[in-house]
1. For residues in segment 93-133 being open to solvent by 30 Å² or more (accessible area, probe 1.4 Å) and in contact with a Pro (Cβ under 7 Å, 6 or more places away or on another chain), which is nearest to residue 196 (Cα to Cα)?
2. So the check is Cβ under 9 Å with 6+ separation or different chains; which pairs have a first residue in segment 48-66 that's under 19 Å from residue 21 (Cβ atoms) and a second one that's open to solvent by less than 10 Å² (accessible area, probe 1.4 Å) and among the hydroxyl-bearing types (Ser, Thr, Tyr)?
3. Considering only residues that are at positive phi and either aromatic (Phe, Trp, Tyr) or in contact with a His (Cβ under 9 Å, 6 or more places away or on another chain) (or both), which ones fall in segment 82-106?
4. Just to be sure, is residue 245 outside any helix (DSSP H, G or I), surrounded by 14 or more Cβ atoms within 10 Å (Cβ to Cβ) and of a type in the set (D, E, K, R)?
5. Of everything in segment 139-160, what is modelled with pLDDT of 95 or more and open to solvent by 40 Å² or more (accessible area, probe 1.4 Å)? Give them in sequence order.
6. Residue check: is residue 180 in a loop (DSSP other than H, G, I, E, B), modelled with pLDDT under 90, more than 23 Å from residue 148 (Cβ to Cβ) and out of contact with any helix residue (DSSP H, G or I) (no Cβ under 9 Å at 6 or more places or on another chain)?
7. Could you list, in sequence order, all residues of segment 261-282 that are farther than 17 Å from residue 206 by Cα, surrounded by fewer than 16 Cβ atoms within 10 Å (Cβ to Cβ) and in contact (Cβ under 8 Å) with a residue 24 or more places away in the chain?
8. Just checking, how many residues over segment 52-80 are polar (S, T, N, Q) and exposed (fewer than 14 other Cβ atoms within 10 Å of the Cβ)?
Amino acid sequence: MCEGIRMPTSHSLIKSPWKDRLLNLASLARRRVVAAAPFITSEALAEFIGAIRHPGEIQVVIGTTLSSSSVVHGSLDLDALRWACSELPRLQLKHIPRLHAKIYIADDAAAIITSGNLTMASLVHNNEYGVGIFDQETVVAVKRDLDSYISLGSEVSCDSVTILANLAKRLAIGEAYDRDESIKPAMDEFDDLVRGLRGNASESRTTIFARTVQYALLHGPMKTSDIHEMVKDIQPDLCDDNIERVINGVRFGKRWKHDVRNAQQTLRKRGQITLEADGTWRLI
C-alpha cells in the first residue's frame, strides 16, 4: 500500500521509477479511481488494483485503446482486462480510439499526468517523466477534462472482453511463427469486433457524434469543415471514407459526414449549439 509515502500538498515532479507513486495514488481512492493508458499489462494492473483499499466498493474506470497491433506487440494484455472484470464489480471499461494520454486519478484528491503506461516496464524500467497534482481545484479540472474525453469512447462489456481475449490468443500464436502474414486474418477479425462495439452500444451514431461535436466546440467556434476534421481524429472507426450515403442509387457523399450534420442539427434544435452568420458553430 506504500503507507510510508508522504504526498505533497500541491504538486511534485515524478521521475522513474514511479511505481510507488502510482500505488500510493490508488490507495487514496475512496469512491472512484481512473486509469487511462493505451498500454496495460497484467502485473502492473494487478499491482494497481491491489493498492486500492476497497476495490469491491470503489468505481474503477479503465480507459484504453483496443488495438490488435498493441496485442500483437504485447503492450496490451486482454487477459489482464478479463481478470479485472472478474475482480471489480463496479468496473467501467472504455475503448478510446487513438488514446495517447496517460492519466491516473483518485477522487478529487490526486492526479498523475505522465509519459508512463500501466506496464511494469514503464513503472520500473523505462525513463518516464510526469507530474503529480494534489491541489483539489486542479485535480477536479483534470478529472472533468478526462471524463469528457472518455465519454466519447465505447463501453466495453465483460462479455466483449472475453471474446477479444480469446481472439488475442490467436494473435500471440501467430506472432511466434509469422508476424507478417499468418496473423493478419485474426488481426482484421479483432479490429472488426472492436468496431462492432459501436453497433452494440445503446446509443445511435448521431448521439455519439453529437457528444463529439460538443467536445470539439469546447476548443472554440469552428466551421463545419474543421468540425469534420476533429471528429474524424477523435472517432476514426466511425468515419470511414469508403462508405457513402446512397438513396435510390444516388450518392449523397460520405455517410459519416451526413451523420455529423444530423448531430449538429440535433444539437441546434436543443439549443445547445448555434450557427453564426459567418458559418461558424459555437456552444451556447
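The values are calculated or read from the model by the stated rules, or taken from the named source; none is laboratory data. Please read these numbers as outputs of a predicted model, since none were measured by experiment. In this analysis, Cβ positions are derived from the backbone assuming ideal geometry, glycine residues included, and neighbour counts consider all displayed protein chains. Heavy atoms of the whole protein, side chains included, go into the accessibility calculation; ligands, DNA and RNA do not. Shrake-Rupley method; radii C 1.70, N 1.55, O 1.52, S 1.80 Å.
1. Among those residues, the one meeting the criterion is 98.
2. These pairs meet every condition: 48/104; 51/27; 52/27; 53/27.
3. none
4. When the stated conditions are applied, residue 245 passes them.
5. Within segment 139-160, 140, 143 qualify.
6. yes
7. Answer for segment 261-282, where residues must be farther than 17 Å from residue 206 by Cα, surrounded by fewer than 16 Cβ atoms within 10 Å (Cβ to Cβ) and in contact (Cβ under 8 Å) with a residue 24 or more places away in the chain: 276, 279, 282.
8. The qualifying residues number 1.
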